[in-house]
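Engineer: Just passing along the structure, written as structure tokens.
The values are calculated or read from the model by the stated rules, or taken from the named source; none is laboratory data. Keep in mind the model is a prediction, meaning the values are calculated, not measured. All Cβ positions, even for glycine, are placed from backbone atoms using ideal geometry, and neighbour counts span all protein chains on display.
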Ligand code: ATP
């Protein structure tokens, strides 16, 4: 498999405070890769740099052979990367359908937008049933589905998911991970940040372990799952 995404020696700062100190990693086309590590280790910052919300101070981000570090976020969406943000940012006073159409803001033909909505509804029938319902009245899990569905509306090749199970019941979280699996089976490569390490490793093939702004290990997900001692050593108990 070829590399769809490469980070080489990525440095990112918030003002004067450095958050990433030289992160290097690769994601191959078709993979699900998890970023794990303690709070504040730099996982979300890495996703934000890839999606163009933060500008790296040093290093490269290469997507499908093209350098994208520091490119404007909407151009990055246009190239095929979509991010579903950490808190489920749905528009509460808009319907499920309207929220989805906002995810295809780069597409101007209504027929094409509706076709994509149809694809999302086919994959998430629960959203279809709630077509006209206001997003603010959906359950937490449904809002998370909607946020992921909206990210899929730009037809990304790479989907960045930040904490998709945040605030969900274990059952709902499992459902969301089942969706992630399905999305991946339909050809979308996924880079996932997740506090629920067990869920993350059960859907991912590989994981990068972050510690204070650095990658300290790269492991096969199944291997990590089978070695709780190693996992707790990485995650600080
Ligand atoms: P978490 O799971 O808690 O979100 P994380 O591994 O995703 O952790 P980041 O959110 O990437 O970690 O944070 C990395 C570092 O950057 C932390 O020290 C954090 O305090 C800092 N940081 C994150 N966002 C900001 C911000 N908007 N302004 C200033 N510092 C920030």
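Engineer: Given the condition in contact (Cβ under 8 Å) with a residue 12 or more places away in the chain and within 16 Å of the ligand (Cβ to nearest atom), answer yes or no: does some residue in the stretch 142-160 qualify?
Structural biologist: yes
Engineer: Something else now. Report yes if residue 212 is within 26 Å of residue 18 (Cβ to Cβ) and either surrounded by fewer than 17 Cβ atoms within 10 Å (Cβ to Cβ) or at pLDDT 95 or above (or both), otherwise no.
Structural biologist: Taking the combined requirement at face value, the residue satisfies it.
Engineer: Hey, another quick one. Out of 47, 106, 100, 20, I need the residue that is more than 14 Å from the ligand (Cβ to nearest atom), touching a residue at least 12 places away in the same chain (Cβ under 8 Å) and crowded, with 17+ Cβ neighbours inside 10 Å. Which one?
Structural biologist: Only one candidate passes the filter, namely 100.
Engineer: Pick from 52, 40, 70: which is assigned to a loop (DSSP other than H, G, I, E, B) and either at negative phi or crowded, with 20+ Cβ neighbours inside 10 Å (or both)?
Structural biologist: Checking each option against the conditions leaves just 52.
Engineer: Which one is farthest from residue 84 (Cα to Cα) among residues in the stretch 109-132 that are loosely packed, with under 15 Cβ neighbours inside 10 Å and in contact with a strand residue (DSSP E or B) (Cβ under 9 Å, 6 or more places away or on another chain)?
Structural biologist: Among residues in the stretch 109-132 that are loosely packed, with under 15 Cβ neighbours inside 10 Å and in contact with a strand residue (DSSP E or B) (Cβ under 9 Å, 6 or more places away or on another chain), the one farthest from residue 84 (Cα to Cα) is 132.
Engineer: Take the residues of the stretch 1-17 that are assigned to a strand (DSSP E or B) and out of contact with any strand residue (DSSP E or B) (no Cβ under 9 Å at 6 or more places or on another chain): which is nearest to the ligand (Cβ to nearest atom)?
Structural biologist: Once the filter is applied, the top-ranked residue is 14.
Engineer: Given the conditions (1) at pLDDT below 95; (2) closer than 22 Å to residue 188 by Cβ; (3) more than 15 Å from the ligand (Cβ to nearest atom), and given that residue 27 satisfies all but one, which numbered condition is not satisfied?
Structural biologist: Only one criterion is unmet by residue 27, namely (1).
Engineer: Could you list, in sequence order, all residues of the stretch 73-98 that are part of a loop (DSSP other than H, G, I, E, B) and under 17 Å from the mean Cα position of the chain (by Cα)?
Structural biologist: Hits for the stretch 73-98 are 80, 85, 86, 87, 88, 89, 90.
Engineer: Find the residue count for the stretch 173-206, including only residues that are within 13 Å of the ligand (Cβ to nearest atom) and over 18 Å from residue 81 (Cα atoms).
Structural biologist: Residues meeting the conditions: 5.
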